[in-house]
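One structure is given below, encoded as structure tokens.
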Amino acid sequence: MGALEKMKEFVTTFAKSEEAQKEVKSTTHIIQWLSNMKLEYAPREALDELLDLIEIAEDKNKIALVDLLRLLMMHEPNAAHILNRHWDRFEVCIFGYLQCIDIKDPEAKVMQNYHLGSLRMLANIYQTDSGKDFMQGEDPSNSLVNFCTFSLDSVNPKVVFTAAVVVFNHILCYKREK
């Protein structure tokens, strides 16, 4: 079984779990999309449910969901919808969540992996024109740079390296005059 199939199975299991069924409004669209998953296009309803699941997930479930989001962000219609509709969730579920933990704790491997996965997902914003355009906004730009600056203090060298890559991508794609 390939990595994508394992991810699909893991996310499907979580979406069908009692916790997910109790905590989110619906998982119908994400489960349906996962049955014949095509990364190039996910229905908006499935993307909305994916973000709902990320909001409630913890530990390995949160990592798997953000990793799926990372792959979806590489495709134009997905990225446009996710960024324009759900950026505030990034600020809460990723930036805010990670800024509440001790990123200098060498024992916090799960949180380090979530941090790394989140940064890799953020790096993929720059794979689409809508992602590059979205990041021209002052609020998203400031939020991203502040999060990456915070991430540079991580004990994990992979997190530090990936945060630097995200900032580098941001600088390369930045079009405003400042």
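The values are calculated or read from the model by the stated rules, or taken from the named source; none is laboratory data. In this text, all values refer to a predicted model and were calculated from it rather than measured experimentally. Here the Cβ positions follow ideal geometry from the backbone for every residue, glycine too, while neighbour counts run over all protein chains shown.
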Only one of these is surrounded by fewer than 14 Cβ atoms within 10 Å (Cβ to Cβ) and either of a type outside the set (G, A, S) or in a helix (DSSP H, G or I) (or both): N113, N146. Name it.
N146
Any residue that is at pLDDT 95 or above and in a loop (DSSP other than H, G, I, E, B) - is there at least one of those in segment 5-18?
yes
Of the residues V155, V160, only one is part of a helix (DSSP H, G or I), at pLDDT 95 or above, surrounded by 13 or more Cβ atoms within 10 Å (Cβ to Cβ) and over 14 Å from the mean Cα position of the chain (by Cα); which?
V160
Is it the case, given these coordinates, that K16 is free of Cβ contacts under 8 Å to residues at least 12 places away in the same chain and outside the structural domain of A108 (by TED's automatic domain parsing)?
no
In segment 17-45, residues that are buried (at least 20 other Cβ atoms within 10 Å of the Cβ) and closer than 23 Å to Y126 by Cβ total 1
Scan segment 100-107 and tell me whether some residue there is part of a helix (DSSP H, G or I), in contact with a helix residue (DSSP H, G or I) (Cβ under 6 Å, 6 or more places away or on another chain) and of a type outside the set (S, T, Y).
no
Scan segment 56-70 for residues that are in contact with a helix residue (DSSP H, G or I) (Cβ under 8 Å, 6 or more places away or on another chain), surrounded by fewer than 16 Cβ atoms within 10 Å (Cβ to Cβ) and at negative phi and jot them down.
K60
Considering every residue within segment 145-165, establish whether at least one is on the phi < 0 side of the Ramachandran plot, of a type outside the set (D, E, K, R) and in contact with a Cys (Cβ under 8 Å, 6 or more places away or on another chain).
yes
